[in-house]
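> Can you read through this structure? Questions will come right after.
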Amino acid sequence: MTQALGVYVHWPYCARICPYCDFNVFRDRGRREEQLALKAAIMSDLETQAGMIGDRELVSIFLGGGTPSLMDPDWAGEIIATARRLWRPAPDLEISLEANPTDAESERFAAFAAAGVTRLSLGVQALDDGALKFLGRDHDAASARRAAEVAARAFPRLSIDLIYARPDQTAQAWGDELRQAMDWGAEHISPYQLTIEAGTAFDRAVQRGRLVPPSEDLAADLFETTQSVLEGAGFHAYEVSNHARGDAARSRHNLVYWRGEDYVGVGPGAHGRLTLKGERHATLAASRPADYIARVAETGRGFVSDQALSPLEAAEERLLLGLRIEAGVAYGEVAALGLSPDHAEVRHLVDLGLLVADPLRLRASPAGRLVLNALTERLALAR
Ligand SMILES: C[S@@+](CC[C@H](N)C(=O)[O-])C[C@H]1O[C@@H](n2cnc3c(N)ncnc32)[C@H](O)[C@@H]1O
Ligand code: SF4
């Protein structure tokens with residue numbers, strides 16, 4: 001069976017930079033020449049990497065960012081056509097696009113659908129205008145709702161991103177927000193807990209005492225509310241922050257990451273994971289658009305690093321990602337860690353209720369998924 005492959009395309013421009021975001025983003029200053037050059041570099045990078053990788057079944061293309069919905073839909077179509085030509089498209093190939101829910105962007109959804117996009121991931125973030133202002137967003141709840149309605153008609157699949165654990169948010173208000181969002185036609189919801197990332201405007205505000213994030217107890221209550229409201233309505237948590245109504249609605253792109261499958265990363269700052277001659281490689285592209293374009297012109301690829309992971313490093317990463325999903329990871333896939341169902345540490349973690357007893361797979365329980373980093377560390381150190 002041909003190995004599965006995902007393609008991640010990073011489009012780094014945003015209309016404005018949100019105060020909580022630490023993704024590799026750049027303000028869109030309408031420099032069409034640079035953006036055209038970036039699109040061409042992304043397609044050359046795909047060509048070069050296809051030469052290294054060879055025949056694979058293309059299961060997902062993900063146009064992420066930044067804000068790829070600001071891209072010319074024809075360019076998205078060209079990038080999609082390039083990837084489809086270079087590898088063998090799976091019959092159920094998923095092609096996702098991240099979008100911000102402004103009216104200007106929703107007017108272009110039909111063009112993105114015509115360019116081949118099958119799944120829209122809409123950054124709604126909040127359904128409350130005060131919260132949207134706090135988050136520095138350039139849309140209100142009404143335009144987000146309009147965007148969701150247009151998207152639900154234009155694309156076979158719709159996912160909504162939300163951010164919770166905002167200051168002063170109550171469990172009651174958050175529950176109401178989630179119940180409203182479920183009526184917007186999405187079959188996939190990703191509620192992310194607000195993280196204060198180093199170097200962001202929110203981080204500076206916290207340090208100056210101007211922003212006080214919710215206590216751990218309140219954050220845990222809000223997480224509980226998320227689980228009970230979404231699970232109660234059939235949006236099953238197949239991963240820590242990802243809920244889908246039915247198996248078919250699960251994100252194929254995310255499953256590529258969590259199952260440890262290979263993915264090509266193109267565009268500024270994109271990461272990739274490729275198995276080449278039996279060795280797992282971690283690739284990283286240059287962060288700044290101009291550097292990425294120059295790098296592709298010089299070497300054919302955007303990489304600033306291409307590192308072969310040791311079997312132990314690959315197994316540790318596999319464990320960390322695999323435990324995020326309820327299916328977990330097969331013992332055979334993390335053999336370098338020397339773990340088995342009879343291992344003392346595994347038995348101990350099962351007794352604590354953090355792992356599920358399973359003779360074939362390491363699987364975190366819902367409680368274990370709440371403390372994933374600590375759990376992974378204990379397992380990795382248990383050798
Ligand atoms: C690449 S970003 C966003 C795509 C799109 N530009 C947008 O803003 O809607 C993907 C998602 O990560 C989430 N996110 C980004 N920074 C976050 C943070 N500091 N805490 C929690 N969620 C965050 C947001 O929900 C966002 O929609
Ligand atoms: S959250 Fe989205 S729009 Fe805001 S800066 Fe990050 S990528 Fe750009």
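> Give the residues of the stretch 292-304 that are surrounded by 14 or more Cβ atoms within 10 Å (Cβ to Cβ) and not in a strand (DSSP E or B), sorted by residue number.
Result: Tyr292, Ile293, Ala294, Arg295, Val296, Gly300, Arg301, Gly302.
> Ok, one more. If you scan the stretch 183-210, which residues turn out to be buried (at least 19 other Cβ atoms within 10 Å of the Cβ) and not acidic (Asp, Glu)?
Correct list: Trp184, Ala186, His188, Ile189, Ser190, Pro191, Leu194, Phe202.
> Identify all residues within the stretch 239-291 that are surrounded by 20 or more Cβ atoms within 10 Å (Cβ to Cβ), among the hydroxyl-bearing types (Ser, Thr, Tyr) and touching a strand residue (DSSP E or B) at 6+ places or on another chain (Cβ under 6 Å); write none if there are none.
Residues satisfying the conditions are Tyr263, Thr283.
> Which residue out of Glu298, Glu231 is of a type in the set (Asp, Glu) and within 26 Å of Ala50 (Cβ to Cβ)?
Glu298
> What are the residues in the stretch 62-112 that are assigned to a strand (DSSP E or B) and polar (S, T, N, Q), if any?
Ser96
> In the set Leu379, Leu372, Leu323, Leu309, which member is more than 21 Å from the chain's Cα centre (by Cα), over 30 Å from Thr48 (Cβ atoms) and of a type outside the set (Val, Ile, Thr)?
Within the list Leu379, Leu372, Leu323, Leu309, the selection yields Leu379.
> May I ask you to say which residue of Ala104, Ala99 is under 21 Å from Cys14 (Cα atoms), within 16 Å of ligand 1 (Cβ to nearest atom) and in contact with a Leu (Cβ under 6 Å, 6 or more places away or on another chain)?
The conditions single out Ala99.
> Ala237: outside any helix (DSSP H, G or I) and farther than 19 Å from Asn100 by Cα, yes or no?
Yes.
> What about Ser143, is it within 12 Å of ligand 1 (Cβ to nearest atom) and at pLDDT 95 or above?
So Ser143 does not fit the description; no.
> I would also like to ask the following. Starting from the stretch 207-233, take each residue that is under 29 Å from Glu187 (Cα atoms) and list its partners that are of a type in the set (Val, Ile, Thr) and surrounded by 15 or more Cβ atoms within 10 Å (Cβ to Cβ), counting only C-beta distances under 7 angstrom and pairs at least six apart or across chains.
The qualifying pairs are Leu230/Ile189.
> Continuing with this model, one more query. Among (1) part of a helix (DSSP H, G or I); (2) touching a strand residue (DSSP E or B) at 6+ places or on another chain (Cβ under 9 Å), there is one condition Ala37 misses while meeting the rest; what is its number?
(2)
> Moving on. For residues that are under 18 Å from the mean Cα position of the chain (by Cα), in a loop (DSSP other than H, G, I, E, B) and more than 7 Å from ligand 2 (Cβ to nearest atom), tally how many sit in the stretch 1-19.
Qualifying residue count, the stretch 1-19: 1.
> While we're looking at this one, here's another question. So if I check each of Arg273, Arg280, Arg288, Arg245, which one is modelled with pLDDT of 95 or more, under 26 Å from Arg119 (Cβ atoms), outside the structural domain of His10 (by TED's automatic domain parsing) and of a type in the set (Lys, Arg)?
The match here is Arg273.
> Restricting to the stretch 90-100, and then to whatever is more than 16 Å from Gly64 (Cβ to Cβ) and within 21 Å of the chain's Cα centre (by Cα), can you tell me which residue is nearest to ligand 2 (Cβ to nearest atom)?
Per the criteria, the residue is Leu93.
> (1) part of a loop (DSSP other than H, G, I, E, B); (2) within 30 Å of Asn242 (Cα to Cα): which one isn't true of Ala314, the others all being true?
(1)
> Every residue in the stretch 337-373 that is touching a Lys or Arg at 6+ places or on another chain (Cβ under 9 Å), assigned to a helix (DSSP H, G or I), more than 28 Å from Ser251 (Cα to Cα) and among the hydrophobic types (A, V, I, L, M, F, W, C), please.
Result: Leu337, Leu349.
> How many residues are aliphatic (A, V, I, L, M) and more than 14 Å from ligand 1 (Cβ to nearest atom) if we restrict to the stretch 125-140?
Total satisfying the criteria: 0.
> Would you pick out the residues in the stretch 31-76 that are among the aromatic types (Phe, Trp, Tyr) and within 16 Å of ligand 2 (Cβ to nearest atom)?
Of everything in the stretch 31-76, just one residue is among the aromatic types (Phe, Trp, Tyr) and within 16 Å of ligand 2 (Cβ to nearest atom), namely Phe62.
> Which one of these is within 22 Å of the chain's Cα centre (by Cα), modelled with pLDDT of 95 or more, buried (at least 19 other Cβ atoms within 10 Å of the Cβ) and among the small types (Gly, Ala, Ser): Ala41, Ala76?
From the options Ala41, Ala76, the qualifying one is Ala76.
> Restricting to the stretch 79-105, what's the tally of residues that are within 20 Å of Asp138 (Cβ to Cβ) and at pLDDT 95 or above?
Looking only at that region, the number is 5.
The values are calculated or read from the model by the stated rules, or taken from the named source; none is laboratory data. Because the structure is predicted, anything quoted here is derived from the model rather than measured. Reconstructed Cβ throughout: ideal geometry from the backbone, glycine too, with neighbour counts over all protein chains shown.
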